[in-house]
């Protein structure tokens, strides 16, 4: 199982995120991931670095580590623009991009409304997601479909993509992996090496191919735990 981290992007500048990515790469962590939010969920007064420009800067600042969206939300950009962004980032990073994409949900609905971006019905967002997913997979870029609902699992299987689940227990991971679909997991892993080892071992044992750790207190803890589990 590969191990990644999310980055500290809810800031006014990118210095912390860029520094964390370079440090993660030096420690042997497999990937760094960014959210696609206009503000932290439920906190409209706080800043958020835009995922596309941040990933472009990360592509220029690193050389081996995987870079990913977790997840790029359908509807924030026109589909054609989103595809151009993803294709461009994959080129800039020399094929290191992992394109996590999803439809968003009620927790992110207020972001759309605040900026006058239509929040379409769920079935329309799923149709758009399917079109984007097939195009990105067709370009040879790994795709993670956000959410473990049956319709998302079916979409991922049809497109040849993985399913990404966030902050769920292994009892949710195991049935998905048993269906023959690739499963990637994300969430907090704990602040100590012992806690992180236990979490990562459980997720790996449940069948996940990736674990993306929510921005940790210590990158060294994540790196040590990942080595122990591997």
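Bear in mind these aren't lab numbers, they're just calculated from the coordinates by the rules spelled out. Because the structure is predicted, anything quoted here is derived from the model rather than measured. Here the Cβ is made from the backbone with ideal geometry for all residues, glycine too, and neighbour counts use every protein chain on show.
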Q: Sort 33, 134 so the one with the fewest other Cβ atoms within 10 Å of its own Cβ comes first.
A: 134, 33
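When all alpha-carbon pairs of the range 65-121 are counted, what percent fall beyond 17 Å?
Distances greater than 17 Å cover 43 percent of the Cα pairs.
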**Q.** Cα convex hull of the range 167-212, projected area averaged across orientations, nm²
**A.** 2.7
Q: Compute the length gained on full extension between residue 15 and residue 110: take 0.36 nm times their separation in residues and subtract their Cα-Cα distance, giving the result in nm to one decimal.
A: 31.4 nm
(Q) Going by Cα centres, the range 122-182 and the range 70-86 are how many Å apart? (A) 16
Q.
With 10 angstrom as the radius, rank 35, 10 by how many other C-beta atoms surround their C-beta, starting from the fewest.
A. 10, 35
Q. Out of 54, 200, 107, any idea which swings most in a Gaussian network model of the chain, alpha carbons joined below 10 Å?
A. 107
**Q.** the chain, relative contact order [Cα under 8 Å, separation at least 6], %
**A.** 19
(Q) Please state the shape class of the range 31-153: rounded when a/c is under 1.5, otherwise prolate if a/b exceeds b/c and oblate if not, all from the C-alpha gyration tensor. (A) oblate
Q: Calculate for the chain the 222 nm mean residue ellipticity that helices alone would give, adding -39,500 (n - 2.57) per DSSP H run of length 4 or more and normalising by residue count, nearest 500 deg cm²/dmol.
A: -14500 deg cm²/dmol
(Q) Let me make sure I get this right: for the range 34-99, a, b and c are the square roots of the gyration tensor eigenvalues over alpha carbons, sorted descending. Under 1.5 in a/c it's rounded, otherwise prolate if a/b > b/c, else oblate. Which is it? (A) oblate
